[in-house]
Amino acid sequence: MPASKISRRAAAVPGGRPVTAAVTAVLCAALLCTAPPAKGAPGGSASQGAPAETPADRAHRDFLDHGPRAGVMTVAHRGQWRKAPENSLAAIRAGFADGAEIVEVDVRLTKDRVPVLMHDETVDRTTNGTGRVADLTHAQLSGLRLRAGLGGRQAAITGERVPTLAEAIRAARTLGLVNLDRAWQDREAVWRVLEETGTVRNGLFKSRAPLPEVRAFLGSHRGALYMHVVDDANAASVAEFGAARPPAFEVVFDDVRDQVAAPAFLQELRATGRVWFNTMRNGFAARFTDEASLIDPARGWGALIAHYRATVLQTDNVEALRLYLTQGVADPVPPGAVRVQAEDYAPGGRGRAYHDIDPGNRGDGPGRPGEDVDICDHDGAVVVCWMRGSEWLTYGVDVPKDGRYTLKARASSPYAPAGTYRIAYDGAPPGRAVPVANTTAHHAFVLQDSRDPRRLTRGHHHVRLSLDAGAFQNWNLDYLQLEPVGP
Ligand SMILES: [Ca+2]
Ligand SMILES: [Ca+2]
Ligand SMILES: [Ca+2]
């Protein structure tokens, strides 16, 4: 295995020194890469000379590496649910394919005590069935189909089924680690699956259980990979570990003033292991979220890496985080394109710049004083929300160059249909009705192409977005983007 391939996985921190092949080789020689694979591990049968190291081997080694140059690892929350149903085999594969070293899944036992992947207590949100997982047999669960993305009653039903943990961890065997959320209470059943499938090194347990319980499990389950979850309520448990610390701590803080968010505390954790933060929503790492990171990484991932010593980030935006870790940008405006934030509608007020059917700002975001456009803050995404039929908004857009442009809208909705909009340029009649897609959740924003390209001249343009009065309308708009599609 050439060192350059090793260095490809755990990405260098933007702003820091890139991990070159030479540096990696030195690190490997010094301390990191000499330990033989454990018995029964992926790649463990490799002979000398050309060890067949898999991505899972590298992820395992990286996870145990807390050296000063350890890169930041990416965790795909519930798999890559932007491409396949959450907690599905396809989402696990897509998460690894998009560069995650770890995929997070949720484990529950069926009525006949088969560990399966399911986040909620019931199957209602994510499948075409109903009922509690604990009341359904594995055979009954096998007959269900998963809904797209994050599910919901109006999400499309896919061909994917509810996987067993055995199927899921086998799918990950050579690809990476699997963070076993909600699995601690059923850890014996989960451990049996790992042993039977030869995937002990792939499964990552986590808990915030009392230390005697953790020690008892780790003492009797050799090779178990474990991460301890700490917040202000159990911060003292770190010291209780003594010298026998786990390789990682998941740190949860809803306020930057929390004890566990103190630089000295985090530095101390970082000295002996990895520091893991979750950035999917507000409150896991204060307001350092995925969506804040997409606006400016310094508001999210960048701050967690630079100031909070993050070396593992769990995200709902795998591709954007990988882009940031490898290239330093999270959600770049494409070359030649122009982006306008939905909340930055034109000045001029009611009847001139916008029409909104209910008085005031119904959202929780920063609306303009005295104006009626509804602005929400969806975990860092500042968006126009409460969008209803007959409402309209106007924007000023500076087009950089003559050419044909397509308009894309970064929008979200759990409904199907979600709504339609029309675009009018410079006072001309509006174009055709553009349907907004069901993205399976209010907080699941997707950049959607209107597929209605227009020729625009270089310079300032007036864009009016209007919502058909006769159509169901319940969606959220983060930004509009004009992208060049030809001369
Ligand atoms: Ca309003
Ligand atoms: Ca409204
Ligand atoms: Ca926005």
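Taking Rh as the Kirkwood radius computed over C-alpha pairs, what is the Stokes-Einstein D of region 73-327 at 20 °C in a medium of viscosity 1.002 mPa s, expressed in µm² per second?
115
According to a simple spin-label model (label point 7 Å from Cα along Cα-to-Cβ), what is the distance in nm between residue 256 and residue 241?
Placing both labels 7 Å along Cα→Cβ, they lie 2.6 nm apart.
For the chain, what is the percent of antiparallel DSSP beta bridges, rounded to the nearest 5?
Bridges in the chain that DSSP calls antiparallel: roughly 60 percent.
Where the centroid of each part is defined by its Cα atoms, how far is region 306-336 from region 406-451 in Å?
26
Go through region 468-478 residue by residue and turn each phi into a ³J(HN,Hα) via Karplus (6.51, -1.76, 1.60, θ = phi - 60°); whole Hz please, and just put x for glycine and proline.
4, 5, x, 9, 4, 9, 7, 8, 10, 10, 8
Along the Cα→Cβ direction, 7 angstrom out, place labels at residue 460 and residue 267. What is the inter-label distance in nm?
Once both label points are built, they end up 5.1 nm from each other.
By the scheme Lys and Arg +1, Asp and Glu -1, what is the net charge of all other residues having a beta-carbon under 14 Å from that of residue 446?
That works out to -3.
Give me the angle, in degrees from 0 to 90, between the Cα long axis of helix 55-64 and the longest principal axis of the Cα atoms of the chain, rounded to the nearest 10.
Helix 55-64 sits roughly 80 degrees off the main axis of the chain.
Around residue 363, with a cut-off of 10 angstrom between Cβ atoms, what is the net charge of the other residues, counting Lys and Arg +1 and Asp and Glu -1?
Summing Lys and Arg as +1 and Asp and Glu as -1 gives -3.
Extension gain residue 402-residue 196, at 0.36 nm per residue separation less the Cα-Cα distance, in nm?
Once the chain is fully extended between residue 402 and residue 196, it gains 67.9 nm.
Along region 74-83, what does the Karplus equation 6.51 cos²θ - 1.76 cosθ + 1.60 (θ = phi - 60°) give for ³J(HN,Hα), rounded to whole Hz, x for Gly and Pro?
Going residue by residue, I get 10, 10, 8, 5, 6, x, 7, 6, 6, 10 Hz, with x marking Gly and Pro.
Calculate the tail of P(r) for the chain: the fraction of all Cα-Cα distances greater than 41 Å, expressed in %.
Taking all Cα-Cα pairs of the chain, the fraction more than 41 Å apart is 25 percent.
Stretch residue 220-residue 364 to full length: gain in nm at 0.36 nm per residue minus the Cα-Cα span?
Net length gain for the segment: 46.9 nm.
If each DSSP helix of 4+ residues adds -39,500 (n - 2.57) and the sum is divided by the residues in the chain, what number results at 222 nm, nearest 500 deg cm²/dmol?
-5500 deg cm²/dmol
Where both partners of a DSSP beta bridge lie in region 73-327, what percent of those bridges are antiparallel, to the nearest 5?
20
Any idea what diffusion coefficient region 338-486 gets from Stokes-Einstein, in µm²/s, Kirkwood Rh on alpha carbon pairs, 10 °C, 1.306 mPa s?
Stokes-Einstein gives a translational diffusion coefficient of 104 µm²/s.
Report the local net charge at residue 132: Lys and Arg +1, Asp and Glu -1, summed over other residues whose C-beta lies under 13 Å from its C-beta.
Neighbourhood net charge equals -1.
Got a sec? Which residues in region 457-475 would a label at residue 433 touch, if it sits 7 Å along Cα→Cβ and we count backbone N under 20 Å?
Flagged as within label range: 464-475.
Nearest 10 degrees, 0 to 90: what angle lies between the long axis of helix 187-197 and the longest principal axis of the chain (Cα atoms)?
The angle comes out near 80 degrees.
Once R0 is set to 45 Å, what does the formula 1/(1 + (r/R0)^6) return for the Cβ-Cβ distance between residue 113 and residue 156, expressed as a FRET efficiency to the nearest 0.05?
E(calc), rounded to 0.05, equals 0.90.
Could you grab the relative contact order for region 338-486? Cα pairs under 8 Å, six or more apart, rounded to a whole percent.
Answer for region 338-486 is 33 percent.
Kirkwood hydrodynamic radius, computed over distinct alpha-carbon pairs, for region 279-394: how many Å, to one decimal?
15.7
Within the P(r) computed for region 141-276, what percentage of the Cα pairs occupies the region above 22 Å?
Taking all Cα-Cα pairs of region 141-276, the fraction more than 22 Å apart is 49 percent.
What's the angle, to the nearest 10 degrees (0 to 90), between helix 263-272's Cα axis and the longest principal axis of the chain?
50
FYI, it's all coordinate maths here, none of it is from the lab. Since this is a predicted model, take the numbers as computed values, not measurements. Here the Cβ is made from the backbone with ideal geometry for all residues, glycine too, and neighbour counts use every protein chain on show.
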